[in-house]
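Written below as structure tokens is the structure these notes are about.
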Amino acid sequence: MNRIVLLAAGLFAVPALASAAASSVPGGNAPTALVGTWQTTLSAAEVRRTVAPDSHRTWQLVIVNGRYLAYPRALGFRPLGQGGDTVPFGVAGHRLYLSCLNGDGVPSKGYATYGWTIAGTTMHLKLTSEPCRDPITRDRIVILTSEGWKKVSR
């Protein structure tokens, strides 16, 4: 995940561009239960399943219903303590839709679909469809679905 680690500091780093891909993600705002900061830690074996040789074990998701840069809703995806990608998203029922990103971390055509469940303070994501082509972006399958995500703040 070299590309993710090297992005500029701040909450999330992306070009401030509006993209047709961002508006093509189905769904709307996340329910209150999904909004906030989530954290997971991958096993060493799970890290080895990723394309990036320097992938990290502890990851964070930050789900925000408010506008971030040019996106109406943003999901931040990053290694703990690092910069990362901002992904336009939408939610419909128990489906989370994430925009595909190109090799520069900019939204591109298409979107992935993940099912989500929450029990207590733990969220689990399950892959439904991941058509995104960038190999580094496809690492998110392993990162998002391998372990439960603990809510660390609202």
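Listed peptides 104-112, 62-70 appear in the order 104-112, 62-70 once ranked by packing, highest mean of other Cβ atoms within 10 Å at the front. Here the extension length gained between THR37 and LYS109 equals 23.3 nm, from 0.36 nm per residue of separation less the Cα-Cα distance. Stretched out straight at 0.36 nm per residue, the stretch from ARG57 to LEU80 would grow longer than its current Cα-Cα span by 7.4 nm.
All of the numbers you see were taken from the coordinates with simple rules; none came from a lab. As the structure is a computational prediction, the values presented were derived from the model and not from experiment. Glycine also receives a Cβ, built like all others from the backbone with ideal geometry; neighbour counts cover every protein chain displayed.
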